[in-house]
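Here the structure comes first, spelled out in structure tokens, and everything after it is commentary.
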Amino acid sequence: MKFFGALLALSAIQGTSAFTVASPKVVSTTLKASYDPNSFGVPSASAGTSAVKSTSEIWKDVPTVRVQGDTLKTCSFEENIDKVEVVMKTEGRPLDANVELWQGHHNSPMKMNVYLEDGSLRSFRALVPSPGSSNSISIRNTATMEFPLVAGIETAAVASSASAADSLSALTSRTVQGGAVFTTPFSPSVQSVQVMLKTDGRPLNARVELLQGPNNTKQVMEIYSEDGKDRPFYFVIDTPGTGNVIRIVNTATVEFPMTAWVEPHITDSAVENASATNEGLTWS
């Protein structure tokens with residue numbers, strides 16, 4: 001009987017699919033501040049500055065877990081953590097995954113369906129607001145077993161309301177009506193782009209795409225939030241190479257407009273200066 005009980009305990013441990021973030025004791029006390037949706041806005045910065053972190057810098061510190069194809073992993077966290085940062089990548093293969101915020105047993109206020117053509121060159125990075133209690137993040141690898149991914153979740157410090165308001169006021173917003181499409185190109189000097197989507201409190205349904213050339217889709221995110229004011233979307237998209245275009249589609253009906261901010265996140269001044277120098281060349 002003792003041997004049989006040990007086998008049952010071992011199988012229960014192996015069947016567990018949850019992973020947890022670092023203990024709240026080592027988290028900054030600013031994580032206990034009240035949730036402010038405006039704190040998602042951050043100004044753009046040149047590469048090498050300490051104002052913002054690149055995606056590669058995030059990966060150096062975040063605890064990770066390997067998610068095999070057709071596998072679900074979940075992560076729960078404490079009530080004093082108002083938002084978390086979710087990152088995903090592969091070893092260069094495509095990435096297909098569903099990311100959901102759960103609050104309780106049957107309530108999923110935020111959902112994301114993510115596709116990456118190359119999960120190493122352009123990894124996924126998003127901030128997920130988690131006000132209230134009983135929050136958890138689920139990551140499901142919807143690809144086959146030949147396409148595993150690596151996921152990480154870390155806590156993000158909450159900025160003060162004053163700095164958040166200044167950051168948002170520096171960004172240019174665009175109203176995207178239901179069923180409308182908004183596109184904006186970026187120069188080769190832009191290494192990554194920040195996108196924020198909000199509503200006035202209504203549900204948010206949208207699709208965000210990174211294009212590199214006509215109909216050449218490199219990254220697609222289909223997103224849903226039950227309240228686009230309390231739970232806005234903010235994510236960073238890496239844009240290596242040239243010809244990068246961000247396309248935002250409001251997939252809701254005309255009664256559900258949203259506000260979008262699309263701005264450079266990190267720019268490479270060396271590439272920008274080289275482009276400016278070459279503008280004076282004339283070939284015949």
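The values are calculated or read from the model by the stated rules, or taken from the named source; none is laboratory data. Since this is a predicted model, take the numbers as computed values, not measurements. Glycine also receives a Cβ, built like all others from the backbone with ideal geometry; neighbour counts cover every protein chain displayed.
Per-structure values
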item	result
Residues of segment 218-236 that turn out to be closer than 14 Å to LEU116 by Cβ and modelled with pLDDT of 95 or more, as a count	5
Sole exception among (1) closer than 22 Å to THR55 by Cβ; (2) not in a strand (DSSP E or B) for ASP200, by number	(1)
Unique residue being more than 23 Å from LYS198 (Cβ to Cβ) and either at pLDDT below 80 or not small (Gly, Ala, Ser) (or both) when the list is SER34, SER39, SER44, SER28	SER28
Strands (runs of 3 or more DSSP E) (entirely within segment 71-174) containing at least 2 residues that are at pLDDT 95 or above and within 17 Å of VAL220 (Cα to Cα)	83-89, 95-103, 110-116, 135-141
Flag for VAL245 being buried (at least 21 other Cβ atoms within 10 Å of the Cβ) and either part of a strand (DSSP E or B) or of a type in the set (D, E, K, R) (or both)	no
Every residue from segment 88-123 that is crowded, with 19+ Cβ neighbours inside 10 Å and either in contact (Cβ under 8 Å) with a residue 60 or more places away in the chain or out of contact with any strand residue (DSSP E or B) (no Cβ under 8 Å at 6 or more places or on another chain) (or both)	MET88, LYS89, THR90, LEU101, PRO109, MET110, MET112, VAL114, TYR115, LEU116, ARG122, SER123
